[in-house]
Each structure stands twice: as structure tokens, then as C-alpha cells.
Amino acid sequence: MSLGRGPGSVPLGLTLIEAQKYARRAEQLAVLKTFAEGELLRRLPFRNLVGGSLSFPAETKLPRVGFRAVNEGYRQSYGVINSDSEFVHLFGGDLDVDRSIVDLQGPEARAAQTEMKVRSMRLTLEAAIINGDDTFDPRAFNGLSKRLVPGEDQTIDNGGSTLNLLALEALTDSVIGYGGDKVLIGSKAARRQISTASRQAGGDLYEVIDGRHYFEGIEILLVEEDAEGNAVLGYDEPGDTTSIYCCVLGDAAVCGLQGPFEGRYGISVRDFGEVHDAPVFRTRVDWYVGFAVCNRKAAARLFNVAPMPLVLP
């Protein structure tokens, strides 16, 4: 069972929320809803790839222009464009449930285990989007922390203190819209720092609308723990600091990638029933998935943010 529509029938940049509109079975909808529980995955569009790879031009330098005198020609100049590429990766897992559990506890026990497997995939994928490192796991893709190394382009140093609003505004200003939506990505602790600093500054810098948190009109998305219960954006960077990311989500900016499975795009859930070599029911969840930053100005990182002490009244 593949969750999605066939090649050529799905518009680029389909989010998991939008994909739910095309779910044909209750099982499909349940899997998509579980993935969409993550704030980042709920907003991230996924581009459909034919062949499993995406090649795109990456602007490095604009051509020069200038003024000229009468009877004088313009100087020739060319922009520098490098070719970049991203790929989908094989992501998923097998879930075996002993037949005795199903016999004694009913099919609900197997359904609960399947939901836990899908939830583990969601947490693992969100963690990879932030901290994925192909030198640590060659089968995975590089996340934002590997693409935005402190001290390089599109990174801003907070100075090792608690959050500086000027640095946060510099972070959001360094990202260009490209027709997509800007978002801030951080932990709950980072969000508390943003709200506290905004209150201290006064004005309407920070708003909560329908349960969603915004700084200067930019939604703050939370990424909390991975499937092992470890903080994805904890204070575990050099100097016991953390980072906050700003991204533009869109087809030409920051997006997910997915390849077709059995002629359809999206998450595949297959029920093999009881396997022949063991008394277990097996379910396999597959997703040919990747991650891309299609423009170097579409993402930025504020690093070296120290924790804010909790001061009780």
C-alpha cells in the first residue's frame, strides 16, 4: 500500500497534510496523520522525483553590470552557477508481532505496534533533517547542522550568551523568501527564550494565534526528541549551547524529496501476514525520502545560544 498519487498526477511540493486528501483507505490516512503530528514534517513540502535524484543550479556569483560612456561597450561578465544534486534514501523498517500476541490480545495490539513504528520513523526523520550526517551514517542524508557549519556562510554567532534579539532578527533577514514561507526551527527551550526576550523588549514581536507561535510574523516550529528520547536541539553544542534555524519552505528552497514506490509517491505500508519462517505477522514500512536545500540563501543558522536560567519568583 503506497500513500500518494501516481507519477505525473501530484503537484510539486505536496505536504503531508495535503497528501491526506488523496488517502483512499483508513490505514493510509492513519499513517499520514501520524507523520503529520511533527510540526516540521507537517509544513515541509515533498517534491516528487522520477529516477530518485534531483539536479538543480546553485547560484554562486551574479554577473557584473555597470555604466558606459558613449561609443563604449559594456564589459562582458557572466554569472557563476554550479550544478548541485540530491538523492532519495531508502528509509523504513520491518515490524514483527508474535502471533500469540495477536491471538491473545486481538488485532488492536498489532495496530498499536504499527503506529509506534510509524511514530519512530517520524521522530527519526525529523532528527535527520536537523542533525543528519552522512559521515556518521553513509545511508542517510546531511541535515541542516551539517550544511550550515558555524563560521561559514549563512551562519550567525549569538556570542555564547542567552538569545540576542538583534542576532535573531539578523538570522531571519539573512533568509530570502523565494515565494515560500519563512519558519524558525528550534526547541521548546529556544522558543521560551524568544518569547521572554520579546516580552522584555515590548511591543508585539511575539504572538500566539490558534495555538501557533510567531516571532515577527514567522512561525516557530518545534523539533523535540528523536526516537531514542534524545533532544534534537538540546544544549549539547560546543560551550553547552544550542542553535536556532530559519528556513524558507518551498520547491525552490528547503524541501523534502520522495521517489515513487510501485508507481505511486509517498509512504508505503505492506502487510505480509504471517511469514513462513517464524510465527510472527510482518508489516513493512518504506519511504524513498530525501532532503534538499535548493538555494544557499533559503536557510540560515543562529548558533552559540546559551541556556536561559530559570528564575522563580
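The values are calculated or read from the model by the stated rules, or taken from the named source; none is laboratory data. All values reported here derive from a predicted model rather than from experimental measurement. As a convention, Cβ positions derive from the backbone with ideal geometry for all residues, glycine included, and neighbour counts pool all protein chains shown.
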**OP:** Would you tally the residues in segment 158-168 being exposed (fewer than 14 other Cβ atoms within 10 Å of the Cβ) and either in contact (Cβ under 8 Å) with a residue 40 or more places away in the chain or in contact with a Lys or Arg (Cβ under 7 Å, 6 or more places away or on another chain) (or both)?
**Re:** 3
**OP:** Hey, can you tell me all the residues within segment 44-77 that are at pLDDT below 80, farther than 30 Å from residue 16 by Cα and not aliphatic (A, V, I, L, M)?
**Re:** 60, 61
**OP:** Could you please let me know if residue 235 is under 23 Å from residue 249 (Cβ atoms), of a type in the set (Phe, Trp, Tyr) and not in a strand (DSSP E or B)?
**Re:** no
**OP:** Considering only segment 69-106, state which residues are within 19 Å of residue 278 (Cα to Cα), assigned to a strand (DSSP E or B) and among the charged types (D, E, K, R).
**Re:** 94, 96, 98
Original post:
Of the conditions (1) at pLDDT 95 or above; (2) under 30 Å from residue 276 (Cβ atoms); (3) of a type in the set (Ser, Thr, Tyr), residue 120 fails just one. Which one is it?
Top reply: (1)
Original post:
For residues in segment 239-262 being outside any strand (DSSP E or B), over 18 Å from residue 31 (Cβ atoms) and not charged (D, E, K, R), which is farthest from the chain's Cα centre (by Cα)?
Top reply: 239
Subject >> Subset of segment 263-282 (residues that are assigned to a strand (DSSP E or B) and either of a type in the set (Phe, Trp, Tyr) or crowded, with 21+ Cβ neighbours inside 10 Å (or both)) >> reply: 265, 267, 269, 272, 281
Original post:
If you go through segment 100-133, how many residues are in contact (Cβ under 8 Å) with a residue 40 or more places away in the chain, out of contact with any Lys or Arg (no Cβ under 6 Å at 6 or more places or on another chain) and among the hydrophobic types (A, V, I, L, M, F, W, C)?
Top reply: 8
Subject >> Condition check for residue 41: modelled with pLDDT of 85 or more, closer than 24 Å to residue 265 by Cβ and assigned to a strand (DSSP E or B) >> reply: no
